[in-house]
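Below: the structure, in structure tokens.
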Amino acid sequence: MVTRSNGQKRFFSTLMSELSVFDRDDLNAVYQLVMDRYQDENSQQEWKVVSWKLHGSLGVHTLMTEEGLVIHMLVEKKYHLRKKVLMKMLELKLESEEDSTMALELIRFFKRIIADLEPDGDEEDL
């Protein structure tokens, strides 16, 4: 279900149908809500990530946790993610709708970030 700022509600049966009606402003608003809600970096310690998917046609990748938390992230935005979360994402392998250079670039980017982190550093802005 999506509730717009004007109170209007709309229900969707699938994630893809929901994401297809979002425009750039909607995604930026969702990004800000997620960042506000999960600003506390300690909350990431509780994430038990179970899947990582790329919706290349929308420029969005999604993390899903065991607890049911779904986090949509714009490919072009940088996020404050802990090293543990990044490593779990790479362990799970990125699921993609289709073969794309975007998926390969995203994986390479995360691998570079992890490699560049200090040995005992555990967080980075992505």
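Coordinate-derived values only; no laboratory data. Note that the structure is a prediction, hence the values are computed from the model and not measured. Note that each Cβ is placed from the backbone with ideal geometry, even for glycine, and that neighbours are counted across all protein chains shown.
Other residues whose C-beta falls under 12 angstrom from the C-beta of LEU27 contribute a net charge of -3, scoring Lys and Arg +1 and Asp and Glu -1. Modelled label positions at LEU90 and GLU105, each set 7 Å beyond Cα in the direction of Cβ, lie 2.0 nm from each other.
Here LYS78, LYS9 are placed in order of increasing Cβ neighbour count within 10 Å, fewest first, which gives LYS9, LYS78. For SER51, nonlocal amide neighbours, meaning residues 5 or more places apart or on other chains whose placed amide H falls under 5 Å from its own, are MET64.
Each residue of the range 20-25 is assigned a 3J(HN,Hα), and the resulting list reads 5, 9, 7, 10, 4, 4 Hz, derived from the Karplus form 6.51 cos²θ - 1.76 cosθ + 1.60 (θ = phi - 60°), x at Gly and Pro. Between GLN45 and GLN32, the simple spin-label model (points 7 angstrom out along Cα→Cβ) gives 3.0 nm.
Note on PHE110, PHE11: ascending count of other Cβ atoms within 10 Å places them as PHE11, PHE110, the fewest first.
Just in the range 48-121: which GluC sites (Glu not before Pro) are loop by DSSP and have at most 15 other Cβ atoms within 10 Å? Loop-located and lightly packed - GLU66, GLU67, GLU76, GLU97, GLU98. Under a 5 Å amide H cut-off, with hydrogens placed 1.01 Å from N, LEU81 pairs with GLU124, LEU126 among residues at least 5 apart or on other chains. In this structure, the amide hydrogen of GLY56, modeled 1.01 Å from its nitrogen in the peptide plane, lies closer than 5 angstrom to those of GLU97, GLU98, counting only residues at least 5 positions away or on a different chain. Working note: Karplus 6.51/-1.76/1.60 with θ = phi - 60° gives the range 99-110 the couplings 5, 7, 5, 4, 5, 5, 5, 5, 5, 4, 4, 5 Hz, where Gly and Pro are set to x.
A full extension of the chain between MET16 and THR65 corresponds to an added length of 15.8 nm, given 0.36 nm per residue minus the alpha carbon distance.
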